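Right, one structure below, let's go through it.
Please treat every number below as a calculation from the coordinates, not as lab data. Remember, predicted model here, so these are calculated numbers, not experimental data. Note: ideal-geometry Cβ built from the backbone for every residue, glycine included; neighbour counts use all protein chains shown.
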Amino acid sequence: MEVESMDTTPATASESKQSMDTTELTKNVMAVGATGSVTCSLHPLVIMNVSEHWTRARAQGDGQVPQVFGALIGKQKGRNIEVMNSFELVFSVIGEDIIIDRDYYNMKEEQFKQVFSDMDFIGWYTTGDTPNNSDIKVHKQICEINESPIMLKLNPYDKNIDHLPVCLYESVIDLVNGEATVLFVSLTYTLATEEAERIGVDHVARMSSTDSGESSLVAEHLTAQHSAIKMLHSRVRLVLQYMKAVQNGDLPRNNEILREAYSLCHRLPVVQGLRFRQDFYNQCNDVGLMTYLGALTKSCNDLNQFVNKFNVLYERQGLGRRMRGIFF
């Protein structure tokens, strides 16, 4: 018992020292007593993107714990910021400093602007526990793109189910020992979703782990249907084997079982009847008619747009001729 006590005491002291170092490091980059100047609305899609980015980087890194970086895009109206989407950033490590690839960012921003023209770059994200000096250095690089960016930090190892492992920060400049220093201020945020996003996130959230891997509600429903059809097939095959055995004289004739089999066969719908073919053809004609009407409507819309553009172009050409006639 004394040996175990001697072994665990240094470990406890080491953990305590590490915790104190982490707390001290956090105090050096956090503004004490300051409150955030903006309110944030965070979409679940951003959290999923960051989590997927970190999980993929970890899987590709042979189990090593990576730190990933990315950009946040969204909308800002006054003091309200809405974080709606994100994309990854390429970086390089030079010594102990992390350098963001600006060329890659410019390319990705141009691509996102073509799709999301109403969204702007509003900050960046990374993974880890608490902000540190390395985050301050990266934040200064991001400030060259946006004067007042926000930082999102996701802790993938946080097992507390009472809150999301996501924190948002903004930067302020404060005097520390007579020098202007960039510090982080924690921000409060709320979750905001759209209808399509809510449906997609709800589907992913309902993923359940089984022995054969991960399956969604759709997969579980199809599995249940497959099991039911498989069981029905086995029971029908058993009835067929009994009928063949009775016909060959291997088993005695049981009129009650034969009546049940006869009744079961007559429960099946007759798909070769005249009424079925008429209803089937009517339904096919209705579906085909709806398809043709949709194609015809689209063609009329395209033709209408073409006529409008042609009229605008013709009016411009006619105006140009009249202007040349006036001056010459």
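Assorted remarks:
- Extending 7 Å from the Cα toward the beta-carbon at both Ile99 and Asp158 defines two label points whose distance is 3.2 nm.
- Within the shell defined by Cβ-Cβ distances under 14 Å, the residues around Thr35 carry a net charge of -1, with Lys and Arg each +1 and Asp and Glu each -1.
- Cα lying deepest toward the dipole's positive end in region 39-191, options Leu72, Ile47, Pro156, charges on Cβ: Ile47
- Placing unit charges on each Cβ (+1 for Lys and Arg, -1 for Asp and Glu) gives region 224-267 a dipole about its Cα centre, and among Ala228, Leu258, Val246 the Cα reaching farthest toward its positive end belongs to Ala228.
- Entries in Lys75/Lys159; Lys77/Lys298; Lys108/Lys153; Lys77/Lys140 that, when Cα-Cα distance is taken, lie over 25 Å: Lys75/Lys159; Lys77/Lys298
- Low-density loop cleavage sites - trypsin sites (Lys or Arg not before Pro) in region 76-144, where at most 10 other Cβ are within 10 Å (DSSP): Arg79
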